[in-house]
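To keep things clear, I will list the structure first and then write my remarks on it.
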Amino acid sequence: SGNRYATFWLAMSLLQARDYANAEVFFHKFYDMKPGKKDNKKKWDEEDSKLFNKGGYYYGQTLHRNGKYDEAIQYLSKFAKSYTPKDEKDNSKKMAELEIAGCEFAKKAPKSKVKIFSAGTGVNKSYTESAPFGTDENTLYYTSLKIDGLSSGDTLVFVDGPKSKRVYQIMQSTKAGADWSKGKAVENKDINDAAFTSGNGKFNKALTRFYFTKCLEVDDDRPLCNLFVADYNNGTFSNVTRIPDPINEKERYTATQPTVRTSDDGMEIVYFVSDRPGGAGGMDIWYFMRTQNGEYKGPQVLKGAMNTTGDEATPYFDDSTKTLYFSSNGLPGFGGYDVYKTTENADLSWSEPVNMGTPVNSGADDLYYSRSNDQTNGFLVSNREGSVPLNGIKTASDDIFSWTNY
């Protein structure tokens, strides 16, 4: 019946909008529906096998995100048993098995001694904030949508092209007391370039270089990003240059989300994320090197269990512990993207990734984890409850959170 169709697609669109609570309500309604006397049972079964055949997977995914692990396992298992993929590109059966493993993990997952709180409305608005990077305890760089705050109320700024696109820019905020001040855009027209959307800024250890990305939305709605570098001296950015090919792939693959590792001889290794061929599938972590005299070498894919057939994102390298923190949706976790860590061994291999547990991870997407030099606090980006709601949805927008050990 049409009612059934509408209920299913409403549930699907709510999941897409990251409104997990309401998605669960409508999936539940959908699975509670039984064919009435007037319904043709044969047609009903045919709809189940053709139109709604992935429903169990998406409902299971929703329940997983909402922390209802046993119920999620029930729907996901039923889906994994009964579903036959049409071609080898269809990996939903595999994904369902990963979700089941995530639920099993989440049921007995460790809780770490960490307190998490919003970084406040100086930096967080109801749209997406991301890529927080503290250069010291009182200075924060981050990425946010460009907002024209001059008119009454905040207006989003769009770039007009074939499709109008929101513009992201790199912002800076300072701490006054316990609160972060209202962010200001970095004043450098080559960094916050009107023709592009800019973001994901990270400094090297000495705070002399700043790596970041400029992106364009391409026709198929993918952001196509390239890596850039700027010199930095005491609050001033200069000499913005695009990192040469083949580290950037001109018009085909994205290169984004850099993090910098500094070796003793002054060489910088920059880990970044790309969807180019040669990885394990989806977005993977790659790296390139910048020698002391400014030559670039690479890129190479990072070898280890951190790269999965899912997507990896937002790497952060901690120099003092030789630990790489990253987010992935291709390893068992609490649902969506979770934060993991892996450490470099003496033989340069990497340890098996370890899930950071709760409350760093939640059923929402948890990304951009970073740590202060003294390892006691840091930042995280998440759309968990506690972020600024968008259109009344508690889990729709990504916000910056702070974490601290206790």
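Scanning region 356-369 for residues that are more than 25 Å from GLY201 (Cα to Cα) and either in a strand (DSSP E or B) or among the β-branched types (Val, Ile, Thr) (or both) gives a single hit, THR358. In region 41-51, the count of residues that are in a helix (DSSP H, G or I), touching a Pro at 6+ places or on another chain (Cβ under 9 Å), modelled with pLDDT under 95 and of a type outside the set (D, E, K, R) is one or more. Of the residues making up region 370-382, just one is free of Cβ contacts under 8 Å to residues at least 24 places away in the same chain and in a loop (DSSP other than H, G, I, E, B), namely ASP374. Contact annotation: residue pairs with Cβ atoms under 9 Å, 6 or more positions apart or on different chains, pairing a residue in region 267-283 that is within 19 Å of GLY201 (Cα to Cα) with a partner that is outside any strand (DSSP E or B) and among the charged types (D, E, K, R), are GLU268/LYS205; VAL273/ASP311; SER274/GLU249; MET283/ASP275; MET283/ASP311. Take the conditions (1) in a helix (DSSP H, G or I); (2) within 22 Å of ASN391 (Cα to Cα); (3) at pLDDT below 95; SER152 misses just one of them, which is (1).
Only residues that are open to solvent by 40 Å² or more (accessible area, probe 1.4 Å), assigned to a strand (DSSP E or B) and under 30 Å from GLY67 (Cα atoms) were counted in region 287-346, giving 2. In region 317-351, which residues are of a type in the set (A, V, I, L, M, F, W, C) and touching a strand residue (DSSP E or B) at 6+ places or on another chain (Cβ under 8 Å)? Hits for region 317-351 are PHE317, LEU324, PHE326, LEU331, PHE334, VAL339, TRP350.
Of all residues in region 259-286, those satisfying the criterion of being of a type in the set (A, V, I, L, M, F, W, C), open to solvent by less than 40 Å² (accessible area, probe 1.4 Å) and under 13 Å from GLU312 (Cα atoms) are PHE272, VAL273, ILE285, TRP286.
Identify the residue in region 98-123 that is surrounded by fewer than 14 Cβ atoms within 10 Å (Cβ to Cβ) and charged (D, E, K, R) and, among all such residues, is modelled with the lowest pLDDT. Going through the qualifying residues, I end up with LYS111.
Exactly one residue out of ASP190, ASP221 is assigned to a loop (DSSP other than H, G, I, E, B) and at pLDDT below 85, and it is ASP221.
A count restricted to region 347-369 and to residues that are surrounded by fewer than 21 Cβ atoms within 10 Å (Cβ to Cβ) and without any contact (Cβ under 8 Å) to a residue 40 or more places away in the chain stands at 4. If you go through region 56-86 and keep only what is among the small types (Gly, Ala, Ser) and open to solvent by less than 50 Å² (accessible area, probe 1.4 Å), you end up with GLY56, GLY60, GLY67, ALA72, SER77, ALA80. Within the set SER402, SER372, the sole residue that is modelled with pLDDT of 95 or more, surrounded by fewer than 20 Cβ atoms within 10 Å (Cβ to Cβ), within 21 Å of ASN200 (Cα to Cα) and not aliphatic (A, V, I, L, M) turns out to be SER402.
The condition (being open to solvent by less than 60 Å² (accessible area, probe 1.4 Å), modelled with pLDDT of 95 or more and over 22 Å from THR308 (Cα atoms)) is satisfied by just one residue among SER130, SER126: SER130. Applying the criterion of being among the polar types (S, T, N, Q), in a helix (DSSP H, G or I) and surrounded by 14 or more Cβ atoms within 10 Å (Cβ to Cβ) to the residues of region 1-40, the residue that is nearest to the chain's Cα centre (by Cα) is ASN22.
The values are calculated or read from the model by the stated rules, or taken from the named source; none is laboratory data. Because the structure is predicted, anything quoted here is derived from the model rather than measured. In this analysis, Cβ positions are derived from the backbone assuming ideal geometry, glycine residues included, and neighbour counts consider all displayed protein chains. Surface accessibility is based on the protein's heavy atoms, side chains included, excluding ligands, DNA and RNA. Shrake-Rupley method; radii C 1.70, N 1.55, O 1.52, S 1.80 Å.
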